[in-house]
1. So, of the residues in the stretch 205-219 that are surrounded by fewer than 20 Cβ atoms within 10 Å (Cβ to Cβ) and within 16 Å of the ligand (Cβ to nearest atom), which turns out to be nearest to Glu31 (Cα to Cα)?
2. Which strands (runs of 3 or more DSSP E) sit wholly inside the stretch 208-285 and have at least 1 residues that are aromatic (Phe, Trp, Tyr) and touching a residue at least 40 places away in the same chain (Cβ under 8 Å)?
3. One residue is enough: does the stretch 197-204 have a residue meeting the conditions within 11 Å of the ligand (Cβ to nearest atom) and assigned to a loop (DSSP other than H, G, I, E, B)?
4. Quick check on this structure: which one of Gly245, Gly229 is within 21 Å of Gly125 (Cα to Cα) and away from the ligand (no atom under 16 Å from the Cβ)?
5. Looking at (1) away from the ligand (no atom under 16 Å from the Cβ); (2) of a type outside the set (S, T, N, Q); (3) open to solvent by 70 Å² or more (accessible area, probe 1.4 Å), which one does Gly72 not meet, given that it meets all the others?
6. Scan (1) of a type outside the set (Asp, Glu); (2) within 16 Å of the ligand (Cβ to nearest atom); (3) out of contact with any Leu (no Cβ under 9 Å at 6 or more places or on another chain) for the single condition Ile45 breaks and write down its number.
7. Scan Ala181, Ala164, Ala153 and give me the residue that is touching a residue at least 24 places away in the same chain (Cβ under 8 Å) and either within 10 Å of the ligand (Cβ to nearest atom) or not in a loop (DSSP other than H, G, I, E, B) (or both).
8. Out of (1) open to solvent by 20 Å² or more (accessible area, probe 1.4 Å); (2) at pLDDT 95 or above, what's the single condition that is false for Gly252?
Amino acid sequence: MLDSIIIGGGPAGLTAGLYLLRAGLRCALFERQFCGGQAATTNVIENYPGFPQGIGGPELSMNMAEQAQSLGLDIRYDEVERVELAGETKRVFAAGQELAAHSVILCMGATPRPLGLADEERLRGRGVSYCATCDGALYRGRDVVVAGGGNTAAEDALYLSRFARRVVIVHRRDAFRAARALVDRMEKTANIDIVYDHVVESIAGGQKLEEVALRNVKTGSVRALAADGLFVAVGMEPKTELVRGQVELADGGYIRAGEDTRTSLPLVYAAGDIRTKPLRQVVCAAADGAVAASMAALDLGA
Ligand code: NAP
């Protein structure tokens, strides 16, 4: 039996692994896709300390994984299908096998929220995207729309302005949630148009996206824009399906946990974007991973 199983290989999970191993605990980490999580799909990370010029998200992610693996972290690239967290022995089921541990650290992160439009799913990957860093280069010389008003939307608009002919960023209010520095940069970028007080009403296209209709939330008037791409950046949803009904969730579906990362169940911790917290950043996720591992070590009497 292991001391701990980590679910999720983003900055929280990888840092938890690093700290568990340094505490002499036996652990394994499950990751269903690639290490780094959202950080791995971020072009440049400019607010992780220690990198005055910024660092590429994929590079930072690879470094984190390499560092944890150099200590012997057992990373298993399998999707966890089911967990049993209530008992003293925690059970994790993946790839047709069961793995047991005394503790579990939940680091599954969050995923982009869809707009909920008819045809959004059908046109996903055919003009509708949730990752500007992943897909932006496909829109060289094209016209794109970004939906959202947070840091992600602003960063996406700035990133896309390097490739696209024109970027229209559509925000439902008259003031951005995004940091002032990003808004200033958008305002100074010639090929970014900011459209306040509008939402995406509908999208249209046959084999690929052709048109995005915007509705003015104040007047109700609707206008259509020809667009090759729609980048949706309207916030995140925590990936808690696996643990729903087992650990306590808070409003918005995040796992209820405090700064000590302890959840409603003994020896079950939640670290990073998946838990209730005021700020969701790479640096906070990494910090959470360290705290969760330390709490697990403490609670296990290690
Ligand atoms: P966010 O901060 O929650 O922003 C979501 C945006 O989408 C808000 O402007 C919101 O409008 C809008 N929105 C939500 N639902 C909508 C809908 N149905 N239709 C239209 N608009 C909708 O999400 P995020 O930008 O993905 O960022 C997530 C977290 O990561 C945040 O804590 C953010 O600060 C952090 N982050 C930080 C950085 C950085 O520091 N460089 C970069 C990226 C992300 P309202 O403003 O009206 O609510």
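The values are calculated or read from the model by the stated rules, or taken from the named source; none is laboratory data. Small disclaimer: the values here were computed from a predicted structure and weren't measured. No Cβ is skipped: glycine too gets one built from the backbone with ideal geometry, and neighbour counts run over all protein chains shown. Heads up: the accessible areas ignore ligands, DNA and RNA and are worked out on the full protein's heavy atoms, side chains in. Shrake-Rupley method; radii C 1.70, N 1.55, O 1.52, S 1.80 Å.
1. Ranking the qualifying residues of the stretch 205-219, first place goes to Ala213.
2. Where strands (runs of 3 or more DSSP E) fall fully within the stretch 208-285 and carry at least 1 residues being aromatic (Phe, Trp, Tyr) and touching a residue at least 40 places away in the same chain (Cβ under 8 Å), they are 229-232, 268-270.
3. Yes; the residues of the stretch 197-204 include at least one that is within 11 Å of the ligand (Cβ to nearest atom) and assigned to a loop (DSSP other than H, G, I, E, B).
4. On the way: Gly245 fails: within 21 Å of Gly125 (Cα to Cα).
Residue meeting the stated conditions: Gly229.
5. If we test Gly72 against (1) away from the ligand (no atom under 16 Å from the Cβ); (2) of a type outside the set (S, T, N, Q); (3) open to solvent by 70 Å² or more (accessible area, probe 1.4 Å), just (3) comes out false.
6. (3)
7. One residue alone meets the criteria, Ala153.
8. So Gly252 meets the others, but not (2).
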